[in-house]
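A short write-up of the structure that comes next.
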Amino acid sequence: MTENNAQKQWMGQKAPAFKLQDQKGNWHQLSQYQGKWVVLYFYPKDNSPGCTEEAKQFKALYPQFLQHAAVVLGVSLDDVQSHQKFSTKLDLPFPILADPQRTLANQFGIVRNLGFMQFAKRESFLIDPKGVIVYHYSSVDTQTHAKQVLDDIQKLATLK
């Protein structure tokens, strides 16, 4: 599937409901964020160089996301304990959700196999305040992605 087709597949779709735990053991559901922008960014592995960089970029811009009534949720297939260590090490101000059963990653169709290992592909989804996916980022640059998503929220917020 080309990147454009992958993008179009999700645009305008209702985001799948989920219930996952974050690094502190708190449960998160999409429904609790009704009325806010939701950045759902999937990443392959805690503590890997690219995932660390991407998390740092979201952390740096997090106050601006909050100013735009946006919630940032990182998601990987790692477990809660792994997320605790990763989040503490980077002092992340936002939840990172554990999806070790691959429930949400499978719903979005982004689980990848690498030999006997499985991981979530580095892709993100921007969900509008009504729960509709308005962007699917199927190609992510860890250095610039957070800024790109923030810019898109700012553009879309002015259109609403």
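The numbers here are math on the coordinates, done by the rules we state, and not lab data. Given the structure is predicted, the values throughout are model-derived calculations rather than measurements. So basically every Cβ, Gly included, is an ideal-geometry build from the backbone, and we count neighbours across all protein chains shown.
Details
- In terms of its C-alpha gyration tensor, the range 95-160 comes out prolate, because a/c is 1.5 or above and the ratio a/b outweighs b/c.
- Span-like helix ranges in the chain, DSSP H, alpha carbon extent 24 angstrom or more, Kyte mean at least -0.5: none
- Rounded, prolate or oblate (a/c below 1.5 giving rounded, otherwise prolate when a/b exceeds b/c) for the chain by Cα gyration tensor: rounded
- For the chain, the share of DSSP beta bridges that are antiparallel, to the nearest 5, is 65%.
- In this structure the amide hydrogen of V75, modeled in the peptide plane, comes within under 5 Å of the amide hydrogens of Y41, F42, Y43, L97, none closer than 5 places in sequence on its chain.
- Calculated [θ] (222 nm, deg cm²/dmol) that DSSP helices of n ≥ 4 give over the chain, each run adding -39,500 (n - 2.57): -11000 deg cm²/dmol
- Per residue, the convex hull around the alpha carbon atoms of the range 32-122 comes to 98 Å³.
- Positive-end residue of Q107, Q84, H145, charge dipole of the chain with Cβ unit charges: Q107
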